[in-house]
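The values are calculated or read from the model by the stated rules, or taken from the named source; none is laboratory data. Just so it is clear, the structure is predicted and the values come from calculations on it, not from any experiment. Here Cβ is always computed from backbone atoms with ideal geometry, including for glycine, and neighbour counts include all displayed protein chains. Ligands, DNA and RNA are excluded from the accessible area calculation, which covers all protein heavy atoms including side chains. Shrake-Rupley method; radii C 1.70, N 1.55, O 1.52, S 1.80 Å.
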Amino acid sequence: MLVGKPAQVTTISTGADGAIWSPDGKNIVFVSTVYPDCKDDACNKQRDDELKKSKVKAKIFTRLFYRHWNAYTEFKRSHLFVVSADSSSTGILPVGTAGVSPAESLSVSSAASQTPDKMSGGPTAGTAAPHDLTPGDHDVPPFHLGGQDMYAISPDGQELAYTSNIDEVEATSTNNDIFIVPMAGGTPRKISTSPGSDATPLYSPDGKYIAWRSQARADFEADKWRLLVQDRQIGKMRDLTEKFDRSVGSFTWTITPAPHDKPIRPMIFSAEDHGDAPLFCVDVEGDEPPIRYSGLHADDLTFAKSSAEIGSLYFTNMSIKAPNEIWRVDFRTPEGKRGSEAVSHMNDALLSQIDIQPLESFTFKGANDEEVQGFMVKPPGFDPARKYPLKFLIHGGPQGAWGNSWTYRWNAELFAANGYVVVMINFHGSTGYGQKFTDSISGDWGGKPYASSASCRTTGCSIRNLLTAQRKSFGSRNGNSKVRRGNSVTFTGNFRHTSSPTNLRRRR
């Protein structure tokens, strides 16, 4: 039950986004995009007003990145700010001393008594003064396409961990790193060491550890994502996925259970595997490889403690037949029964009116006579006595994958809706089959991936009895350009770029 009236907490001219609460409920960390050379909010506001009023609309850039997708950076940087959750306060609320906080910092009491941060423009009546925790000419967090948060607050509320790339030429670098900084402000300290990307820090509930995803190789976006854990007191770091040949996706800490024969600190994560994204469990202090839990397509993991059980895992789950819904797995004792179930049913009524066909998996011998997985979706009202034309989808990336997932851009059910059999191949270079398979496209984008796709396309992948001679191929704009050119030579039919297939057919 909500009590009281909403109250505005910030008045910063550059706005507030991506807010997270400190675990003690006293402060809020948020993102705001500011001019890195501005020392206060008045400067930011003046610069914005000048740009709006200027008759000159030309933009002069002296470095990359200057644009992400269809939006210019406008010379600004994203920074993390902290503000008191008390709308009547004019500073950061004091935080407790419990937990582990290795970061060197000003005392909270002295920091709170100092002059309000200049970026706030000074205190205003009834509002707190935001404090810029990450000043400088770098983005915090760096540009990313959604997913798990790139910053987190320690359980005692005293420390912020965040992701940033401080390389001189960040446009050619994947070297994101993890930094920690006191919530009261101070000098950030880098705790990651990999030359590749380190991202998505997350503290353990007891504050003893901090975990993040890490790539070992520099400048390689498709490297394996490992799950690293650091003991915050002694600085020792462990790779929990050293014996696991998949890339970690979303992950979360669980609540440490009551003592058993063997105390455990389990972590749960999702990882792409043969077109699915099942859940895996791993003991932070053990040596066993992660254990697969289920065949779901899970993401956005979060764990909640309950009184009757150890706790419940909440996550989003989707399939090719339905977009994301919220699901739950209840964890009792290590010996107790576990089962997953949907919590939300936002799309059930609408989807029940549509004839959506299941995703069918098949395998065949592709390049180097190695096993390759493909998927097929049949059209609504499929009749096994008939033959159907084929639509052949080629994924982009090029290190990506088709699977049992919903998409609003390349929805296989929509491609099949006007009477086509849809086939999708996870050729060499696809993700979810081990890092060696993913790496096999590097330097050979027109070789093995093309050979596997062409092999399926010309042989029918054991589904020839369903198909007519008509063929249409569709490929992602950021996909495999060699396959694109090869299509006009080897593949019969035509190649199209599209993201607007026909509508699904309703059930009769």
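Residue count for region 15-59, restricted to those that are open to solvent by less than 40 Å² (accessible area, probe 1.4 Å) and under 23 Å from the mean Cα position of the chain (by Cα): 8.
Screening P259 with (1) within 21 Å of G311 (Cα to Cα); (2) of a type outside the set (D, E); (3) surrounded by fewer than 23 Cβ atoms within 10 Å (Cβ to Cβ); (4) modelled with pLDDT of 95 or more gives one miss only, at (4). Across region 60-70, the qualifying residues are those that are free of Cβ contacts under 8 Å to residues at least 40 places away in the same chain and open to solvent by 80 Å² or more (accessible area, probe 1.4 Å), and the one among them that is nearest to the chain's Cα centre (by Cα) is W69.
With respect to M346, is the statement that it is outside any loop (DSSP other than H, G, I, E, B) and either at pLDDT 95 or above or crowded, with 18+ Cβ neighbours inside 10 Å (or both) true?
The answer is no for M346.
For G207, the requirement of being closer than 24 Å to Y314 by Cα, out of contact with any strand residue (DSSP E or B) (no Cβ under 8 Å at 6 or more places or on another chain) and not in a helix (DSSP H, G or I) is met. Taking region 355-445 and the strands (runs of 3 or more DSSP E) fully enclosed by it, the elements with 1 or more residues that are free of Cβ contacts under 8 Å to residues at least 40 places away in the same chain are at 360-365, 371-377. Across region 40-77, the qualifying residues are those that are among the aliphatic types (A, V, I, L, M) and in a helix (DSSP H, G or I), and the one among them that is nearest to G15 (Cα to Cα) is A42.
Can you tell which of E272, E221 is over 22 Å from P142 (Cα atoms) and open to solvent by 40 Å² or more (accessible area, probe 1.4 Å)?
Going through E272, E221 in turn, just one is over 22 Å from P142 (Cα atoms) and open to solvent by 40 Å² or more (accessible area, probe 1.4 Å): E272.
Candidates in region 323-338 are the residues that are open to solvent by 30 Å² or more (accessible area, probe 1.4 Å) and at pLDDT 95 or above; of these, the one that is nearest to the chain's Cα centre (by Cα) is N324.
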